[in-house]
1. What number does region 195-236 give for Rg over Rh if you use C-alpha atoms and the Kirkwood radius?
2. Let me check I've understood the local charge: for Leu355, count other residues with C-beta under 13 angstrom from its C-beta, Lys and Arg +1, Asp and Glu -1. What total comes out?
3. Of Met625, Met435, which has the most accessible area and how do the rest follow, probe 1.4 Å?
4. Amide H of Gln103 versus every other amide H placed in the peptide plane: which residues, excluding those fewer than 5 positions away on the same chain, fall under 5 Å?
5. Local charge sum around Ile469 (other residues, Cβ-Cβ under 13 Å, Lys/Arg +1, Asp/Glu -1)?
6. For Rg and Dmax of the Cα atoms in Å, which listed value, [x] 24.5, 79; [y] 25.0, 83; [z] 29.2, 96, comes from the coordinates shown?
7. Rounded to the nearest 500 deg cm²/dmol, what is the calculated helix-only ellipticity per residue at 222 nm for the chain, with -39500 (n - 2.57) per DSSP H run of length n ≥ 4?
8. In Å², and per residue, what accessible area does region 269-354 have when probed at 1.4 Å with the other protein chains present?
Amino acid sequence: MKVLIGIFICGIGNFVFGQDSILRKKELSEVSVIVSADLIVLPPRIINSYTFNREQISAIHPEDVSQVLQKLPGIQIKSYGGLGGFKTFSTRSTGSAHTAVVQDGFSKTNIQTGQINLGTVQTDNLEFLSLTNGSSGNFLNPASAEVTGSVLSLGTFECTKPIYNFDLRANIKQGSFNQYDAFLSAKKKLNNHFIAAMGKYRQADGLYPVRLENGSSTNTIKRSNNDYQDVYAGLTYGYNDYKNAILFLAKTQQSDQGLPGPVILYGNIPKQRLSNQNQELNLSYTRNFNRGEAKFYSKYAYDNTIYVDSGFLNNQGFLRNEFNNQFLQNGITAFKRLRRRVTINSGLELQNSELKSKSIAGEKVSRNHGFGFTGLEYRIKLITFYGKVSSQYVVDQSTQKREFFTVNPFLAFGTNKLFTEKLTAYFYYKNTFRMPTFNELYYNQIGNKNLEPEKLNQFSATFNYRKSIVNKSAFTVNSNTYYNQVKDQILAIPTKNLFIWSIQNIGRTETIGSDLTFTLDSRQDKKFKIQNSINITYQHTVDVSSKDSPTYRNQIAYIPLWNGNYQLTLNYKNTGFYASVFYNSKRYYLNQNVPSNEIEGFVVLDVSIFHSFILKKEQKLKLQMSVKNVTNNSYAYVRSYFMPGTNYLISLSYALH
């Protein structure tokens with residue numbers, strides 16, 4: 001009872017604000033309608049954020065969201081073979097579960113695995129992608145997202161408030177290895193209401209060649225069991241007036257794919273398959289009152305996963321595991337400007353997750369998870385202070401009951417002027433906590449019931465310098481330095497295939513990291529535009545559990561010491577060219593940093609060219625072709641899970657408005 005009271009106190013802080021009233025006319029300058037579920041935008045907050053808009057995402061020509069995230073500093077991507085393969089990410093070496101993924105204001109979660117498969121997150125309908133570290137920058141994010149270390153926010157075409165009476169997006173794609181995509185989305189405005197629908201189908205056989213070195217000889221074999229086929233559909237209803245906003249979103253996704261094993265010379269052909277069905281219902285209601293807003297949100301998700309190994313050696317001659325996962329989320333977040341310089345925000349959320357399967361201990365596990373937080377922001381001219389206290393209470397029920405309770409602080413300080421108006425600074429400390437997933441704890445081939453939750457301390461300093469060189473050019477330098485401490489870090493390493501992993505607590509790890517980003521944007525005239533950006537990331541992430549351990553102060557598995565990316569975009573009238581060079585230094589696939597555990601570093605060059613045909617004033621047809629891995633490098637993010645060599649992708653897109 002005490003812990004429930006603690007969460008309630010953290011979450012209830014700003015829900016009693018007095019009577020609702022219409023915003024006074026003198027405050028209308030601070031009101032900006034951006035999407036159907038968010039009515040008010042506060043004055044710009046000092047946050048550590050990286051954002052891609054729709055135009056920048058399109059230039060990359062990505063097949064999924066992982067190829068966009070790869071361009072950001074501080075991000076590590078794990079891709080198990082490209083195309084429809086499993087893809088995950090982590091931010092600043094903290095593990096993927098420490099970064100919340102929020103799409104259209106709703107959490108994307110997978111309590112079973114704890115990781116969002118980026119290969120299933122499409123980009124055809126993305127309007128923006130934003131990654132923030134520390135504070136999310138959005139007072140109305142779900143409470144569970146506010147207590148994580150970082151937040152990845154995605155906004156889609158279907159859930160953005162329409163400007164025109166009717167909007168349409170469509171495209172078709174064809175690529176290497178028999179890849180075909182088709183996407184269609186439409187949105188209709190009806191006074192204060194709008195409805196939208198989308199659908200997508202894609203497939204590929206994934207049979208790409210892989211070069212393997214065997215002593216002095218080189219062998220070429222084909223990636224096997226790497227096909228995929230998936231279907232997406234969604235329906236959106238939105239309402240937005242001066243004081244209220246409603247957003248309802250229904251989505252479904254079905255997929256069937258092979259699970260490729262590691263590529264090993266003379267190895268056995270993998271015989272595992274994975275099929276998945278996912279349905280979601282999302283609903284939010286946002287209320288605008290005097291100098292503030294409150295948002296109520298709810299989500300229900302059902303996920304069915306079937307894993308089949310037709311080559312498994314048992315009495316039946318095969319293995320079939322089926323998992324049914326139900327997830328229910330209800331919460332409220334709110335903020336209120338108490339005075340001109342003071343803003344208070346708060347949130348409260350309850351989650352219930354249930355997993356049923358004959359492949360887990362006790363055949364059924366459940367988790368009740370409560371989140372609560374209260375934050376206070378105070379502004380003094382160009383300086384902003386923000387403090388927040390959050391709490392979590394977790395009850396797991398399986399063959400035995402486990403309970404956890406934690407209180408986590410967050411402190412931040414920022415200034416819009418440091419010595420000069422061109423230089424800003426932002427500092428923060430954040431303490432977070434994340435539970436092991438159901439698979440990590442209970443799955444009978446990988447589960448470890450003795451896993452402890454991860455505890456994370458983050459310290460970060462950010463400096464941003466921006467200078468206009470000439471009237472139409474701007475130069476920006478962004479520097480981040482950070483230090484992370486993780487206690488009982490959970491490390492997952494694939495073993496037999498992408499479904500069978502090894503799970504372990506590492507004890508203590510620490511990260512000393514730095515990101516440096518340079519951008520140069522220039523417009524020579526109305527017809528010609530150049531965009532340059534380069535980022536470099538250094539992350540020294542080591543095991544500091546015990547001085548007697550053979551892995552003491554060794555780099556953690558799969559964390560590169562260095563990586564970086566250079567991007568160039570040229571636009572002349574309606575024609576454009578894009579190039580990207582990505583570098584990843586060597587890594588180790590085990591925590592012991594010896595030559596036999598080393599994975600080679602690599603450089604990948606991608607290029608793209610595109611042209612837009614203006615059919616009418618409101619309609620545009622865009623033809624785009626990209627060539628990826630131009631130099632045909634043989635490389636892997638994960639040991640023996642080689643990525644495709646040179647491959648192409650062609651798309652034809654149509655947009656009305």
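1. 1.39
2. With Lys, Arg at +1 and Asp, Glu at -1, the neighbours total -2.
3. Highest to lowest solvent-accessible surface, that is Met625, Met435.
4. Lys108, Leu154
5. Charge balance near Ile469 sits at +4.
6. Step by step, Rg and Dmax of the Cα atoms in Å for this structure corresponds to label [x].
7. It lands at -1000 deg cm²/dmol.
8. Spelled out: the 1.4 Å probe surface of region 269-354, per residue, equals 45 Å².
The values are calculated or read from the model by the stated rules, or taken from the named source; none is laboratory data. Quantities reported herein were computed from a predicted structural model and do not represent experimental measurements. Every residue, glycine among them, receives a Cβ derived from its backbone with ideal geometry; neighbour counts consider all protein chains shown. When the accessible area is computed, the model is the full protein with side chains, heavy atoms only, and any ligands, DNA or RNA have been set aside. Shrake-Rupley method; radii C 1.70, N 1.55, O 1.52, S 1.80 Å.
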